[in-house]
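One structure below.
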Amino acid sequence: LRYLASIERLSSHPLADSILRKYNSNDFYEVVDFVNIPGKGIKGQVNSKILYAGTPDFLMEMGFDIDRSFFTKYYVEGNSIVCLGIDCENKKSFAGFAVIADIVKEDAIEFIKAISYQNIELYMLSGDNEKVAESVAKKLNISKFKGQVLPEEKQIVVKQLKESGKIVAMVGDGINDAPALAAADVGIAFGSGTDIAIETSDVVLVKPDLMNIVRAINLSRLTRRKIRENLFWAFIYNSIGIPVAAGILYPFFKITLNPIFAGIAMAMSSVSVVTNSLLMKRKFE
């Protein structure tokens, strides 16, 4: 566990936090030559030992002798697996694995209901095992999901949805989400996420509350409505006011607009636009 915690300490993956909480110690090995392989695992060196941590498939790809079927029972239960392999002087050995349960956030179900109520299609793309993704999707009542998705595959899915004519918002907080966040029409990240996810997103939510995504959508829709209202009334106001100020009524009714009143009318036009916009604040208090 000390080896696993030592290398996971350098990772920004959510599973790394779970491992470090379980380890609950500050006694770490010094890891050098750390490398992150997006969507697969991590690699680092402790003295003469090269450590590999990640999915069973990743360790098998790195040449470790692992029976993948052994982990099926854990995946069926909806758990995530992090394996540790140690290469000591070209002798590779499977050191062990951690079983991590995926706990659905309390606000996730409320978020799914709110999104569905607004007729927004929801897709779940997970780098986790297909069985784990299926388990979480069932808990959240998500019909469109896919597991074992690499970062570049997430980006491809986003691009395909855009090409089909859909407006796509991508929500993510990890390194693996960055390509998809950049490809989406709107990228949404949490302030607690990785720097690269924050940099590539268009919207950053300070608090890790999923309902803030719904509030952001509602706010954007209200903003668009207010913009349209302001443009409409400004057009009507100026369509009437400018001709009157130019004297269009004078030949017929001998009516002119005093420059003072014209200035006041113009100021009132601006005040009405600002007031209408400020009403948005009451909506979200």
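Name the single residue that is nearest to Val136 (Cα to Cα) among those in region 72-86 being in a helix (DSSP H, G or I) and free of Cβ contacts under 8 Å to residues at least 40 places away in the same chain. Step by step, filter region 72-86, then rank; the result is Tyr74. Scan region 170-178 and tell me whether some residue there is among the small types (Gly, Ala, Ser), in contact (Cβ under 8 Å) with a residue 60 or more places away in the chain and outside the structural domain of Leu10 (by the TED database). Yes: region 170-178 contains one or more residues that are among the small types (Gly, Ala, Ser), in contact (Cβ under 8 Å) with a residue 60 or more places away in the chain and outside the structural domain of Leu10 (by the TED database).
The numbered conditions (1) surrounded by 14 or more Cβ atoms within 10 Å (Cβ to Cβ); (2) closer than 25 Å to Tyr74 by Cα; (3) among the hydrophobic types (A, V, I, L, M, F, W, C) are all true for Phe111 except (2). Count of region 1-36 residues, restricted to those that are among the aliphatic types (A, V, I, L, M), surrounded by fewer than 17 Cβ atoms within 10 Å (Cβ to Cβ) and at pLDDT below 85, is 1. Here Pro251 passes the criteria (1) of a type outside the set (S, T, N, Q); (2) surrounded by fewer than 14 Cβ atoms within 10 Å (Cβ to Cβ); (3) assigned by the TED database to the domain that holds Phe190 except the one numbered (3).
For region 64-78, state whether one or more residues are assigned by the TED database to the domain that holds Arg2 and among the aliphatic types (A, V, I, L, M). Please lay out each step first, then the result.
Step one: of region 64-78, the residues assigned by the TED database to the domain that holds Arg2 are 64-78.
Keeping just the survivors that are among the aliphatic types (A, V, I, L, M) gives 66, 76.
There is at least one residue in region 64-78 that is assigned by the TED database to the domain that holds Arg2 and among the aliphatic types (A, V, I, L, M).
Could you check, for region 207-228, whether at least one of its residues is surrounded by 11 or more Cβ atoms within 10 Å (Cβ to Cβ), without any contact (Cβ under 8 Å) to a residue 60 or more places away in the chain, farther than 30 Å from Ile115 by Cβ and not basic (Lys, Arg)? No - not one qualifying residue is present in region 207-228. Checking Met124 against (1) at pLDDT 85 or above; (2) not assigned by the TED database to the domain that holds Phe34; (3) not in a strand (DSSP E or B), only one condition comes out false. Which one? Of everything listed in (1) at pLDDT 85 or above; (2) not assigned by the TED database to the domain that holds Phe34; (3) not in a strand (DSSP E or B), Met124 misses just condition (3). Give the residue, chosen from Asn47, Asn90, that is over 22 Å from the mean Cα position of the chain (by Cα) and modelled with pLDDT under 85. Matching residue, one of Asn47, Asn90: Asn90.
Please verify whether Leu51 is assigned to a helix (DSSP H, G or I), buried (at least 17 other Cβ atoms within 10 Å of the Cβ) and not β-branched (Val, Ile, Thr), treating the condition exactly as stated.
Details: assigned to a helix (DSSP H, G or I): no; buried (at least 17 other Cβ atoms within 10 Å of the Cβ): yes; not β-branched (Val, Ile, Thr): yes.
Taking the combined requirement at face value, the residue does not satisfy it.
The values are calculated or read from the model by the stated rules, or taken from the named source; none is laboratory data. Bear in mind the structure is a predicted one, so any value in this text is a computation, not a measurement. All Cβ positions, glycine included, derive from the backbone under ideal geometry; neighbour counts span all protein chains shown.
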